[in-house]
Amino acid sequence: MKKKYYTWESVHAAATKIVLDMYKDEWRPDYIVGITRGGLPLAVILSHMLDVPCNALKVALRNGTENECETNCWMSEDAYGCDNTDPQTKSSVANRKNILIVDDINDTGATFQWIQRDWMSSCMPNDHAWNDVWNNNVRFATMTENLSSDFPLVRYYWDEVNKLEDDVWLVYPYEYS
């Protein structure tokens, strides 16, 4: 199998491009969520570049199980705009936080799909307002976008591959052994 190696310079170039693309969109996150393990290096760099907080979220779907995933209801409430301090106001567009979810690759789309399902099920699961939250208040960024992924909402990325056309194994600098 062919391998493609990324360097730390690649990670920094990815962060720079993602920040520039967000500036072009006139969009800025209130905080960044890095997916453990692969999304954390890029998320931390973006956090420093943008001077916004960074949180981690564990979503490990390897071997077809979800037993290594953590739910963070407070993040979904931030995205949706819940105001738990005011009992008269369940949610408001004005209360919504902008959240950037970061991973190293959008490979199959399963990780980001899991986050969508989890956040929607933990906060107002049947409300059509979620359609506005995704890609407006919650955006997704990766270093590498697999064009054959089943998740179409990655807005910011640096490099692209199409694993249906080119069977390549991607090696990030934090994976070197």
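Looking at R28, R37, which one is closer than 17 Å to D103 by Cα and basic (K, R)? Talk me through it step by step, then tell me what you get.
On the way: R28 fails: closer than 17 Å to D103 by Cα.
Unique residue meeting the criteria: R37.
Given the structure, is T65 more than 15 Å from W119 (Cα to Cα), among the β-branched types (V, I, T) and at pLDDT 85 or above? Step through it out loud before you land on a result.
On the way: more than 15 Å from W119 (Cα to Cα): yes; among the β-branched types (V, I, T): yes; at pLDDT 85 or above: no.
Taking the combined requirement at face value, the residue does not satisfy it.
Scan D103, D78 and give me the residue that is modelled with pLDDT under 80 and crowded, with 20+ Cβ neighbours inside 10 Å. Give the steps one after another, and end with the answer.
Numbers: D103 fails: modelled with pLDDT under 80.
Testing whether each residue is modelled with pLDDT under 80 and crowded, with 20+ Cβ neighbours inside 10 Å leaves just D78.
Checking T111 against (1) over 19 Å from D159 (Cα atoms); (2) modelled with pLDDT under 90; (3) surrounded by 16 or more Cβ atoms within 10 Å (Cβ to Cβ), only one condition comes out false. Which one?
(1)
Return the only residue of E145, E175 being within 21 Å of A56 (Cβ to Cβ), more than 11 Å from the chain's Cα centre (by Cα), modelled with pLDDT of 85 or more and not basic (K, R). Quick ask: steps written out before the conclusion?
Details: E145 fails: within 21 Å of A56 (Cβ to Cβ).
After ruling out the rest, the residue left standing is E175.
For residues that are within 24 Å of S149 (Cβ to Cβ) and surrounded by 20 or more Cβ atoms within 10 Å (Cβ to Cβ), scanning just the stretch 117-131, find the one that is modelled with the lowest pLDDT.
Among those residues, the one meeting the criterion is W119.
Can you pull out the residues in the stretch 7-52 that are touching a Pro at 6+ places or on another chain (Cβ under 6 Å) and not in a helix (DSSP H, G or I)?
T7, Y31, V52
Count, please, the residues in the stretch 158-177 that happen to be surrounded by fewer than 12 Cβ atoms within 10 Å (Cβ to Cβ) and among the hydrophobic types (A, V, I, L, M, F, W, C).
Total satisfying the criteria: 2.
The values are calculated or read from the model by the stated rules, or taken from the named source; none is laboratory data. Not measured: the values here are computed from a predicted model. All Cβ positions, glycine included, derive from the backbone under ideal geometry; neighbour counts span all protein chains shown.
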